[in-house]
Amino acid sequence: MNKIWKTGEDNGWWTFSGLILLCFATDFSTGGIFLPYFLFKFLVIGNAGTGKSCLLHQFIEKKFKDDSNHTIGVEFGSKIINVGGKYVKLQIWDTAGQERFRSVTRSYYRGAAGALLVYDITSRETYNALTNWLTDARMLASQNIVIILCGNKKDLDADREVTFLEASRFAQENELMFLETSALTGENVEEAFVQCARKILNKIESGELDPERMGSGIQYGDAALRQLRSPRRAQAESAQECGC
Ligand SMILES: Nc1nc2c(ncn2[C@@H]2O[C@H](COP(=O)(O)OP(=O)(O)O)[C@@H](O)[C@H]2O)c(=O)[nH]1
Ligand SMILES: [Mg+2]
């Protein structure tokens with residue numbers, strides 16, 4: 001039965017549930033409703049067919065992108081995630097098919113803070129291409145770019161051509177984080193983005209990364225800007241009060 005929302009007897013209940021919802025949605029430590037503290041530019045790189053667009057779609061929409069959607073090609077996605085109590089907005093760039101023509105442009109890489117470097121565990125060819133992708137990312141984005149290696153299509157274990165062990169050795173040798181993922185089942189997809197964001201945040205907090213450096217791929221979000229502005233405002237107000 002359809003329920004028609006009326007003012008009157010239900011009002012108290014709706015107000016009460018609204019307030020409860022608002023409390024859940026509000027993070028007072030960041031100063032508002034899901035206000036991001038930082039914005040990170042992220043890339044998804046790797047050979048065509050490894051599942052980059054599906055990983056992005058699974059992360060944003062929490063479902064597998066079926067074949068009927070393939071021609072559309074996601075080019076860009078964004079999502080706010082909670083990393084250790086801080087909200088961070090990820091602006092994620094997908095190659096949108098440029099990699100098929102080996103023509104991924106410099107502007108795609110420019111100023112990226114993090115990247116998912118994707119290969120397909122059932123295709124050695126995509127694994128062998130990793131070194132080239134890595135060189136491009138470090139040369140065209142930044143030497144400091146934080147990269148997580150993703151062995152995608154983990155669900156196709158029976159057709160595996162690349163073992164977990166050899167990929168994790170490659171990751172260690174090249175200072176990459178590493179996970180095997182499945183855009184189909186969703187396994188480790190959110191984790192890949194969150195782990196990469198956490199590492200960037202740690203580097204900011206330890207002073208290794210400077211968000212104010214040009215091309216760092218990091219911007220302050222609304223929550224940070226509020227905090228940064230408020231001490232100045234307080235100073236100006238106290239100066240006005242004392243007349244100095
Ligand atoms: N079984 C399986 N298939 C996948 C997975 N991720 C992507 N695919 C399939 O792999 C193909 C290429 O995916 P796509 O996201 O377009 O790759 P891209 O070219 O790297 O963006 C498509 O047919 C997808 O359905 C996965 O995790 N498991
Ligand atoms: Mg794609």
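Any read-out appearing in this document is the output of simple, stated calculations on the displayed coordinates, not a laboratory observation. Given the structure is predicted, the values throughout are model-derived calculations rather than measurements. In this analysis, Cβ positions are derived from the backbone assuming ideal geometry, glycine residues included, and neighbour counts consider all displayed protein chains.
For SER168 paired with PHE101, estimate the spin-label separation in nm (one decimal), with each label point 7 Å from Cα along the Cα-to-Cβ line.
4.0 nm
In sequence order, what are the phi-derived ³J(HN,Hα) couplings for the stretch 166-171 according to the Karplus relation 6.51 cos²θ - 1.76 cosθ + 1.60 with θ = phi - 60°, rounded to whole Hz, with x for glycine and proline?
5, 5, 6, 5, 4, 4
I'd like the FRET efficiency for GLU75 and ASP157, computed as 1/(1 + (r/R0)^6) with the beta carbon distance as r and R0 of 25 Å, rounded to 0.05.
Computed FRET efficiency for GLU75 and ASP157: 0.20.
Please give the charge dipole size of the stretch 40-220, origin at the Cα centre, charges +1 on K and R Cβ atoms and -1 on D and E Cβ atoms. Round to the nearest 20 debye.
Values: 22 positive and 24 negative charges, 114 e Å.
Charge dipole of the stretch 40-220: 540 debye, to the nearest 20.
If you place +1 on the Cβ of every Lys and Arg, -1 on the Cβ of every Asp and Glu, and leave all else neutral, what size is the dipole of the stretch 118-214 about its Cα centre, to the nearest 20 Debye?
Working: 10 positive and 18 negative charges, 38 e Å.
Taking the Cα centre of the stretch 118-214 as origin, the dipole is about 180 debye.
When 1/r is averaged over all different Cα pairs and the result inverted, which Kirkwood radius in Å belongs to the stretch 63-176?
For the stretch 63-176, the Kirkwood estimate is 15.8 Å.
Normalised by the number of residues in the stretch 40-220, what is the relative contact order in percent for Cα pairs under 8 Å and 6+ residues apart?
Working: 340 pairs, mean separation 48.4, N = 181.
Reported relative contact order: 27 percent.
Stretch THR135-GLU205 to full length: gain in nm at 0.36 nm per residue minus the Cα-Cα span?
22.5 nm is the gain from fully extending THR135 to GLU205.
Looking at ASN47, ALA141, MET177, which one has the Cα that reaches farthest to the positive end of the dipole of the stretch 40-220 (charges on Cβ: Lys, Arg +1; Asp, Glu -1)?
So the residue furthest toward the plus end is ALA141.
Which order do the peptides 102-114, 149-161 come out in when sorted by mean C-beta neighbours inside 10 angstrom, highest first? Walk me through the numbers before you get to the answer.
Details: 102-114: 16.5, 149-161: 19.4.
Going by the mean number of other Cβ atoms within 10 Å, highest first, we get 149-161, 102-114.
For the cross-link pairs LYS79/LYS203; LYS63/LYS203; LYS62/LYS153, which exceed 24 Å when the distance is taken from alpha carbon to alpha carbon?
LYS63/LYS203
Please report the antiparallel percentage of the DSSP beta bridges confined to the stretch 40-220, to the nearest 5.
Looking only at bridges with both residues in the stretch 40-220, the antiparallel portion is about 30 percent.
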